[in-house]
Amino acid sequence: MTAGWLIGFLAAAAAAYDGFIRQGERALFPIGSYELPRDDAELRAMAQTGFNLVRCRNRIELDRAQAAGLQCWTPLPLQLGPGDDRLRQAVASVKDHPALAVWEGPDEIVWNFTAFSGLFRNGTYAMPDEWWRQTPRAIEFSERRAAEILPKLRAAIEWLRQEDPHRRPVWINEAARSDLKFIRRYVDLVQITGCDIYPIHAHRREPLAVADYTERYKRVGRGRPVWMVLQGFAWGELPGQREAVAYPSFAETRLMAWAAIAHGARAVLYWGMDAAPPAAAFRESLYAMAAELAALQPFLTASDVPEARLEVIDSEAFDRPARGVRMMVRRAGAEWLVVLVNEDDRPHMGVVIGGLGDLKRLELLYGVEVADVENGEFVTRLMPFEVKIFATSRRWETPRREGRAYPGQ
């Protein structure tokens, strides 16, 4: 087997992966947490809300997660290369564990040798924005580090695919603005790409940045599944941060999750609950979001209905679309789901959803609206940044209501 043939095979396998995890023969949309609670009761509570994937660093943690009914991803230092004993031992110690679903490569690997703020603090760069100015120093440093790191990373991924008998997917999470040129030097060998984006600050709240970066990574990864890592903390709670504490409201958490999914994300994961343990009320709001998503699992792994169409017919003078409305229409057997996300800071009073076949009626989950479908279409209205989810039955609601009224901070 030649090296070129193997690389081609791995690239083809990476491109074919659908981005979901498996429970037996059933595909699951990953609802994940970087936090692995130390208390087993809290871990079980997390699983019961709908989380199905957590980060586990060793076999003991994998055992705990499996006992709670969760699957895991395990981070690996792939940048060390396949000859490094630390990498080999990490893989050998867990590769046969039934709870292991995904391998994670080094977090934000490209960001860390290009735009990372620590490069200024440690004296590598002379200016905080040196990377963005593209000075000769920044270019030379990044190219030198890329030449050291990326060949080892690629070789380690190739080795891992042969070493792992279950051929688990490899995921590398990047920063939202990580450099395209360097990502493209490894992305052909991974199955999953994506980024972390935490856009709720005390001085600036931009939840729809999540939608934009989901789209970016679909393009960065040439259509590979995108896993989006969302905000599970308040910036003001992190060590060294000087801004006021500001948590996302449940409405913002919900907007970020559904914007990511409607734009094509194949997983929603939360970072920060262990880095900056959140207020209990905010944690409950994240659990409420996980429960909402978990109740809709059959739709989240289904294909889009190709005939579905969206039209916004508004008063041009007052509410002309800017970003517009994002729609997702899915079927699970005889059941339908319609997700609408108003990405504008203005209402849209005439939103038409068509191509719904012989449907007669849809109900707004977590609301009172009923949509009568006539000739395959219905009309609804959307308030600024509103998310509406219609389904053929209210049985798709989760009974969990705690946390849904969380106002943020």
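Quick check, is ARG145 assigned by TED's automatic domain parsing to the domain that holds GLY272 and either at pLDDT below 95 or over 26 Å from ALA16 (Cβ atoms) (or both)?
Answer is yes for this residue.
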Pick from the range 187-207 the residues that are under 19 Å from ARG283 (Cα atoms), in a loop (DSSP other than H, G, I, E, B) and more than 13 Å from the chain's Cα centre (by Cα): which of them is modelled with the lowest pLDDT?
ALA202
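So, restricting to helices (runs of 4 or more DSSP H) that lie completely within the range 267-346, which ones have at least 2 residues that are surrounded by 16 or more Cβ atoms within 10 Å (Cβ to Cβ) and in contact with a Lys or Arg (Cβ under 6 Å, 6 or more places away or on another chain)?
On the way: elements: 280-295, 297-300, 316-319.
Of the helices (runs of 4 or more DSSP H) lying wholly inside the range 267-346, those with at least 2 residues that are surrounded by 16 or more Cβ atoms within 10 Å (Cβ to Cβ) and in contact with a Lys or Arg (Cβ under 6 Å, 6 or more places away or on another chain) span 280-295.
Of the residues that sit in the range 356-380 and are loosely packed, with under 14 Cβ neighbours inside 10 Å and assigned to a loop (DSSP other than H, G, I, E, B), which one is farthest from the chain's Cα centre (by Cα)? First the steps, then the outcome.
Going through the range 356-380, the residues loosely packed, with under 14 Cβ neighbours inside 10 Å turn out to be 357-358, 360-361, 367-370, 372, 374-375.
Those left that are additionally assigned to a loop (DSSP other than H, G, I, E, B): 357-358, 360, 367-369, 375.
On the way: GLY357: 31, ASP358: 33, LYS360: 33, GLY367: 26, VAL368: 30, GLU369: 29, ASN375: 36 Å.
Taking the candidates together, the pick is ASN375.
Might you check whether a residue that is assigned to a loop (DSSP other than H, G, I, E, B), small (Gly, Ala, Ser), out of contact with any helix residue (DSSP H, G or I) (no Cβ under 6 Å at 6 or more places or on another chain) and farther than 24 Å from ALA45 by Cα occurs anywhere in the range 241-262? Steps first, answer last, please.
Kept after step one, since they are assigned to a loop (DSSP other than H, G, I, E, B), are these residues of the range 241-262: 241-249.
Still in the list and also small (Gly, Ala, Ser): 244, 246, 249.
Applying the additional criterion that residues be out of contact with any helix residue (DSSP H, G or I) (no Cβ under 6 Å at 6 or more places or on another chain) yields 246, 249.
Now narrow it down to the ones that are farther than 24 Å from ALA45 by Cα: 246.
Looking for residues that are assigned to a loop (DSSP other than H, G, I, E, B), small (Gly, Ala, Ser), out of contact with any helix residue (DSSP H, G or I) (no Cβ under 6 Å at 6 or more places or on another chain) and farther than 24 Å from ALA45 by Cα, one finds at least one in the range 241-262, hence yes.
Looking at the structure I just gave you, is ARG222 at positive phi and surrounded by fewer than 23 Cβ atoms within 10 Å (Cβ to Cβ)?
Numbers: at positive phi: yes; surrounded by fewer than 23 Cβ atoms within 10 Å (Cβ to Cβ): yes.
Spelling it out, ARG222 is indeed at positive phi and surrounded by fewer than 23 Cβ atoms within 10 Å (Cβ to Cβ).
Looking for something over 21 Å from PHE29 (Cβ atoms) and not charged (D, E, K, R) - is there at least one such residue anywhere in the range 328-339?
In the first step, residues of the range 328-339 are kept if they are over 21 Å from PHE29 (Cβ atoms); the result is none.
Among the residues of the range 328-339, not one is over 21 Å from PHE29 (Cβ atoms) and not charged (D, E, K, R), which makes the answer no.
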Please verify whether the range 292-300 includes one or more residues that are of a type in the set (D, E, K, R), in the same structural domain as MET256 (by TED's automatic domain parsing) and under 24 Å from the mean Cα position of the chain (by Cα).
yes
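Residues are listed down the side, and each one gets a yes or a no for (1) free of Cβ contacts under 8 Å to residues at least 12 places away in the same chain; (2) in a loop (DSSP other than H, G, I, E, B):
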| residue | (1), (2) |
| --- | --- |
| GLY32 | no, no |
| ALA41 | yes, no |
| ASP63 | no, no |
| GLN66 | no, no |
| GLY69 | no, yes |
| GLN79 | no, no |
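Given the residues ILE60, ILE31, which is the only one that is of a type in the set (A, V, I, L, M) and surrounded by fewer than 21 Cβ atoms within 10 Å (Cβ to Cβ)? Even if it seems obvious, please write down each step before you answer.
On the way: ILE31 fails: surrounded by fewer than 21 Cβ atoms within 10 Å (Cβ to Cβ).
The match here is ILE60.
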State the number of residues belonging to the range 159-186 that are assigned to a helix (DSSP H, G or I) and surrounded by fewer than 17 Cβ atoms within 10 Å (Cβ to Cβ).
4
Across (1) crowded, with 23+ Cβ neighbours inside 10 Å; (2) assigned to a loop (DSSP other than H, G, I, E, B), VAL210 clears everything bar (2)
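Would a scan of the range 130-139 turn up a residue that is crowded, with 21+ Cβ neighbours inside 10 Å, assigned by TED's automatic domain parsing to the domain that holds LYS218 and outside any loop (DSSP other than H, G, I, E, B)?
Here is the first cut: in the range 130-139, the residues crowded, with 21+ Cβ neighbours inside 10 Å are 131, 138.
Checking the rest, the ones that are also assigned by TED's automatic domain parsing to the domain that holds LYS218 come to 131, 138.
From what's left, outside any loop (DSSP other than H, G, I, E, B): 131, 138.
Within the range 130-139 (the criterion being crowded, with 21+ Cβ neighbours inside 10 Å, assigned by TED's automatic domain parsing to the domain that holds LYS218 and outside any loop (DSSP other than H, G, I, E, B)), the answer is yes, since at least one residue qualifies.
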Based on this model, can you work out whether ALA155 counts as crowded, with 16+ Cβ neighbours inside 10 Å, of a type outside the set (Phe, Trp, Tyr) and in contact with an Asp or Glu (Cβ under 9 Å, 6 or more places away or on another chain)?
no
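The values are calculated or read from the model by the stated rules, or taken from the named source; none is laboratory data. Note that this is a predicted model, so its numbers are computed, not measured. Note that we place each Cβ from the backbone using ideal geometry, even for glycine, and neighbour counts take in every protein chain shown.
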